[in-house]
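Take a look at the structure below.
The values are calculated or read from the model by the stated rules, or taken from the named source; none is laboratory data. Keep in mind that this is a model prediction, so the values were computed, not measured. Don't worry about glycine lacking a Cβ; one is built from the backbone with ideal geometry, like all the others, and counts go over all protein chains shown.
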Amino acid sequence: MNTAQSEALFARAKQSIPGGVNSPVRAFRGVGGTPRFFARADGSHIVDADGNEYIDYVCSWGPLLFGHRPKPVIDAIASVLELGTSFGAPTAREVELAELIIDAVPSVEMVRLVSSGTEACMSAVRLARGFTGRELTVKFEGCYHGHVDSLLVKAGSGLATLSLPDTAGVPSRFSETTIALPYNDLDSVETAFRKQGDQIACIIVEPVAGNMGCIPPQPGFLEGLRRITQQHGALLIFDEVMTGFRLTRGGAQQLYGVVPDLTTLGKIIGGGLPLAAYGGRADIMRKIAPEGPVYQAGTLSGNPLAVTAGIAMLRQLEQHREIYAALEQTGAELAAEPPPEVCVNRVGSMLTFFFHPGPVRNYEEAKRSDTRAFGEFFHRLLDRGVYFPPSQFEAMFLSSAHTPADIAFTKSAISEFAAAARA
Ligand code: HOZ
């Protein structure tokens, strides 16, 4: 495979952009080699700067539920371009998107639009503190809620990929406001609340973890978090940036029947443009400025292009509710009969091939995966034209554009890897 253009671009990028990338996982440090620089994409396929084509299982890390460039979304964006790209003032479309989100997501009675998942989580935690008058946050090891100072303690995603326990630049006073506990371990949550329950403002959790690879909640885990927070007057925040509108139209909270107080959303709700949101109980949301004392703002919040893409995306999901059953089937097919020594964790269209005999239920277990073998697996697939996330600690994402032929081709590439590993 000729990758001369990607190599040249990477060398050039490293002169002007730290590490040559604008987000660390993209640099391929988790798998070695040169990251592909992409030029264009359509449906389930993506093409790099050298013209090599790949079946894309990153799907921009989740937003592309209908694949690349779904026509209704592209047409909608084109239609608003001539009206203006940013007003820094309210628009009718923001109200429409807010109403669509409220209609779909069980916990959301009011919603505030922002531009990234990081912003959404940062703001939701601030709101929880402002509402409860308490300072501590409980999070789970290996979960990632954006690069928020206080939430980078034992975080997944890029920190897991680079094996960083935490980050430079965060004052200890900030990390001291966070209690990091093992995912899927209710006993440790009970213990933390017994000790400091009157100081804990909130628990923030990925209801299906996607940032240490895909790790589903064990039966009773989310229900337990709901019960414990209610007992202690703390808020429960579901970070549904990945799972929102992906696992069901109402997200993981609808799938598992557990309703949090606040929910953060991103990715799919922007239809591939930068848009995110946080929402929840109206009495809590009314504490946000200008209605309440908790401040949060943004010049590009509710940006007309992003909001239009989001509306088109959510309208498509309203009209195509069958998509989730189809994605479940595609996911099950892809996950079936993995190579020996590989445990596939999957919830619907989110999955991870862990190079670990399994089970993988938390960050400690995920970290015991054979990352060297994952790197070999990744590169063999890449050479065959299959683009998986370049890290053992990220979930891969399916879209409705992935065809049976894509899945069959991918499975044959996986079988070739398994055969070569056996030889
Ligand atoms: N942290 C993102 C997924 N967990 C990756 C972002 C990116 O590199 O685009």
Task: Subset of the range 113-130 (residues that are away from the ligand (no atom under 16 Å from the Cβ), surrounded by 24 or more Cβ atoms within 10 Å (Cβ to Cβ) and of a type outside the set (A, V, I, L, M)) - done: S123
Task: Set V111, V73, V95, V125: member being assigned to a strand (DSSP E or B), out of contact with any Phe, Trp or Tyr (no Cβ under 6 Å at 6 or more places or on another chain) and hydrophobic (A, V, I, L, M, F, W, C) - done: V111
Open item on the list: Looking at the range 325-334 only, could you name the residues that are under 16 Å from L247 (Cα atoms) and not acidic (D, E)?
Closed with: A325, A326, L327, Q329, T330, G331, A332
Task: Every residue from the range 379-413 that is out of contact with any helix residue (DSSP H, G or I) (no Cβ under 7 Å at 6 or more places or on another chain), surrounded by 17 or more Cβ atoms within 10 Å (Cβ to Cβ), farther than 18 Å from G156 by Cβ and of a type in the set (A, V, I, L, M, F, W, C) - done: L382, A401
TODO: Tell me which of these D166 doesn't satisfy, since it passes every other one: (1) touching a residue at least 60 places away in the same chain (Cβ under 8 Å); (2) more than 16 Å from the chain's Cα centre (by Cα); (3) closer than 21 Å to V21 by Cβ.
DONE: (1)
TODO: Among the residues of the range 257-295, count how many are in a loop (DSSP other than H, G, I, E, B) and among the aromatic types (F, W, Y).
DONE: 1
Task: Of the criteria (1) under 30 Å from Q392 (Cβ atoms); (2) assigned to a strand (DSSP E or B); (3) away from the ligand (no atom under 16 Å from the Cβ), which one F245 fails - done: (2)
- [ ] Collect the residues in the range 55-76 that are within 16 Å of the ligand (Cβ to nearest atom) and more than 13 Å from G310 (Cα to Cα), keeping them in residue-number order.
- [x] D56, Y57, V58, C59, S60, W61, G62, H68
Open item on the list: Can you pull out every residue in the range 167-213 that is away from the ligand (no atom under 16 Å from the Cβ) and at positive phi?
Closed with: G169, N184
Task: Neighbours by Cβ (under 6 Å, 6+ apart or cross-chain): first from the range 177-191, within 11 Å of V153 (Cβ to Cβ); second modelled with pLDDT under 95 and of a type in the set (S, T, Y) - done: T177/S150; T178/S150
Task: Matching residues, the range 385-398, being away from the ligand (no atom under 16 Å from the Cβ) and either charged (D, E, K, R) or within 30 Å of H145 (Cβ to Cβ) (or both) - done: V386
Task: Selection count, the range 57-103, where residues are acidic (D, E) and touching a residue at least 24 places away in the same chain (Cβ under 8 Å) - done: 3
